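> The structure's right below; bear with me while I get my questions together.
The values are calculated or read from the model by the stated rules, or taken from the named source; none is laboratory data. Nothing here was measured: the structure is a model prediction, and the numbers come from that model. Glycine gets a Cβ as well: all are built from the backbone with ideal geometry, and neighbour counts include every protein chain shown.
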Amino acid sequence: MAISKWAVLDAKYTDAAGSQRRVFDPHSGQLIFMEDPARFLTCTCGRRFGKSKGIAHEFLPECIKAKSEATTLKADGHRREFWTIGPNYSDAEKPFRVFWDKCHALGIPLDKPGSYYSLEGGDMTVSCWDGAFIYSAKSAAVPERLVGEGLSGVHMEEAAKQKEIVWNQMIMPALSDFKGWAKFTTTPEGRNWYYDLHMKALQPENLGWNAHRLPSWLNPYVYDEPTEDSHVRHLMHLMAENPGLTSFEIARSLGLIIDSQILQLANDQTIAMFQQEVAAEFTDFTGRVFKEFDAETHTRLLPFHTEASWETVAAVDYGYRNPSVWLLIQIGPWGEINIVDELYQSDLTPTEFAEEILRRGLLPDNCYSMYPDPASPGDTATLETIFRKAGKVCRSQGHTGGELDNRLNLIRLAFKNRIPDNDVNALQWYTGKADGSDKEKEKRRPQMMVSTKCPNTIRECTDYRYPKTRTEEQETSTKRYESPMKKDDHTPEAIGRCLGRRYESVATQHGDSARVTRASFVRGMRSASAGGWRAGREGWGEDPAGIRSVETLGQNRGGWNE
């Protein structure tokens, strides 16, 4: 018999004071993960979000369901068993306590013997319906002890603090018998195995998985003043650039909508601590080349634009034992730089590399230019020959070398700069009211974004780093521009050659350790090229190569008529 989870949780009962209450009334943040149907769900939460209370109530509908199946389960020699696993018993005890107390409040009969609550002895188990339903709190301190029968569901509390072996070798195989579910709740712990799992869960091709980032301020019972997620991000950026100002001063001067308790936490903690513990972000900035890049802000599933106003190019990095990289990039009429697809594969000869690009459909007919590694002209000639035989007109562009620091500066600025998000804003114009009364505030996006179809590009933009030093925590502006490590650098190399060639004069102006500002970048680019890609397939005429400071008026730009 199918039992609705919300039929159980929305039901009323009489509490000890004689008042009528719902079994559970989740706040809006808890609803995000409780209404998600994914079988495997990662929930990265800030402190005081209410994750333990929310997840504990996931087991109540399972308990009621097991009651209806008790006779059949007993006849088959089965039971419905569920675990909460914490790094230690004290972690797993928190949701277990909520469930134990709610069972008593609802009058659910517990099997005796069979139900125990002893934190000191590590024996925390609820048994119902003559053993048809079992819910236990477990410790992951000794992973080898987490071996048992098939499980119907598992909650991994503070998953980021546990060892990877707990999930991969002990728990995941145990869920196969009953097609059990798994929910991970945790605050981040840097970019460890759980970070990789969270990023995997975000990929749409991983069916049955999903992921949520749930900052502390989504709990309205603790933080009862409104908070805009984008305003908190802006606050963090400004606090980093203006260390002499308090969070309250910045928020007041800009009218930022942020809860006063959140402002206090931002003021009292380091930026990295606040972003991890409160904003639920995977912070690991030490040595990162692209500190401006954030996987949540800079990535989404990007469309491939076929309009004539979008230019399509490719960025290339050659390898063999190291991966060969082909990035398909689209540059929009309003300055957008979209990395829409990738080929990232090792052990390919130049001929195999070219054939694989064609096989995967990564060289559309409107891709006329590629920006290769100038150190491998023979590989580039092979690609051009094979492309020409396939009827493709894609020519390599020269002058893609130059100083690495210059290319890195251009990538940083493209990640940092914000422009109108026309893919989102256009919907308001086409679907809104004629008088514009329902028009929302214009959305903005990073100038350069990466599609979720490019997991290796996302990973390398995150993990590309400078060498670690003993004084790393006291990093200076000079150290910032030392050469990065030759690791996780293949897609950044390709992106840098593309941007460096297209904005060559701008990159030259900002060589060595000079800080590239948006204003100087835009000023330099206005005179960077005078060719016009429709004529010579290089640049954009008076406004070079796609990044422009203002929109072009009086022209049809990809469906927009100004």
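> Answer yes or no as to whether GLU81 is touching a strand residue (DSSP E or B) at 6+ places or on another chain (Cβ under 7 Å), closer than 14 Å to HIS155 by Cα and assigned to a helix (DSSP H, G or I).
Spelling it out, it is not the case that GLU81 is touching a strand residue (DSSP E or B) at 6+ places or on another chain (Cβ under 7 Å), closer than 14 Å to HIS155 by Cα and assigned to a helix (DSSP H, G or I).
For (1) under 21 Å from LEU408 (Cα atoms); (2) of a type in the set (Lys, Arg); (3) surrounded by 11 or more Cβ atoms within 10 Å (Cβ to Cβ); (4) modelled with pLDDT under 75, each residue gets a yes or a no:
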site	(1), (2), (3), (4)
ALA426	no, no, yes, yes
LYS433	no, yes, no, yes
LYS443	no, yes, yes, no
THR469	yes, no, yes, yes
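> When the range 172-225 is examined, which residues are found to be among the β-branched types (Val, Ile, Thr) and touching a Gly at 6+ places or on another chain (Cβ under 9 Å)?
Result: THR185, THR187, VAL222.
> Continuing with this model, one more query. Report the residue count in the range 59-71 for those that are surrounded by fewer than 18 Cβ atoms within 10 Å (Cβ to Cβ) and acidic (Asp, Glu).
Residues that pass the stated criteria total 0.
> Still on this model: Tell me which residues, restricted to the range 132-150, are assigned to a loop (DSSP other than H, G, I, E, B) and either touching a Ser or Thr at 6+ places or on another chain (Cβ under 7 Å) or surrounded by fewer than 24 Cβ atoms within 10 Å (Cβ to Cβ) (or both).
To start, the set of residues in the range 132-150 that are assigned to a loop (DSSP other than H, G, I, E, B) comprises 132, 140-142, 146-150.
ALA132, ALA141, VAL142, LEU146, VAL147, GLY148, GLU149, GLY150, listed by residue number.
> Follow-up. Output yes when any residue across the range 18-38 is among the charged types (D, E, K, R), in contact (Cβ under 8 Å) with a residue 60 or more places away in the chain and within 13 Å of PRO215 (Cα to Cα), and no when none is.
no
> So PHE184 fits all but one of (1) in the same structural domain as ARG39 (by TED's automatic domain parsing); (2) surrounded by fewer than 20 Cβ atoms within 10 Å (Cβ to Cβ); (3) modelled with pLDDT of 95 or more; what number is the exception?
(2)
> Those residues that are part of a helix (DSSP H, G or I) and crowded, with 22+ Cβ neighbours inside 10 Å, I need them from the range 6-58; list them, please.
Hits for the range 6-58 are GLY29, GLN30, PHE33, LYS51, SER52, GLY54, ILE55, ALA56.
> From the list ALA211, ALA174, ALA251, ALA160, which residue is in contact with a Leu (Cβ under 7 Å, 6 or more places away or on another chain), buried (at least 18 other Cβ atoms within 10 Å of the Cβ) and within 16 Å of CYS45 (Cα to Cα)? Reasoning before the result, please.
On the way: ALA174 fails: within 16 Å of CYS45 (Cα to Cα); ALA251 fails: within 16 Å of CYS45 (Cα to Cα); ALA160 fails: in contact with a Leu (Cβ under 7 Å, 6 or more places away or on another chain).
After ruling out the rest, the residue left standing is ALA211.
> Still on this structure, please answer the following. For the range 215-257, what are the residues that are under 22 Å from LEU31 (Cβ atoms) and assigned to a loop (DSSP other than H, G, I, E, B)?
Those that are under 22 Å from LEU31 (Cβ atoms) and assigned to a loop (DSSP other than H, G, I, E, B): PRO215, ASN219, PRO220, TYR221, VAL222, TYR223, ASP224, GLU225, PRO226, THR227, GLU228, ILE257.
> Follow-up. Among the residues of the range 161-187, write down those that are outside any loop (DSSP other than H, G, I, E, B) and free of Cβ contacts under 8 Å to residues at least 40 places away in the same chain. Please lay out each step first, then the result.
Taking the range 161-187 and keeping what is outside any loop (DSSP other than H, G, I, E, B), we get 161, 164-175, 181-186.
Of everything in the range 161-187, those that are outside any loop (DSSP other than H, G, I, E, B) and free of Cβ contacts under 8 Å to residues at least 40 places away in the same chain turn out to be GLU164, ILE165, TRP167, ASN168, GLN169, MET170, MET172, PRO173, ALA174, LEU175.
> Check off (1) modelled with pLDDT of 95 or more; (2) of a type outside the set (D, E, K, R); (3) out of contact with any Lys or Arg (no Cβ under 6 Å at 6 or more places or on another chain) for PRO113 and give me the number that stays unchecked.
(1)
> Looking at (1) crowded, with 21+ Cβ neighbours inside 10 Å; (2) in contact with a Gly (Cβ under 8 Å, 6 or more places away or on another chain); (3) in a loop (DSSP other than H, G, I, E, B), which is the one condition that is false for VAL325?
Among (1) crowded, with 21+ Cβ neighbours inside 10 Å; (2) in contact with a Gly (Cβ under 8 Å, 6 or more places away or on another chain); (3) in a loop (DSSP other than H, G, I, E, B), the lone unmet condition for VAL325 is (3).
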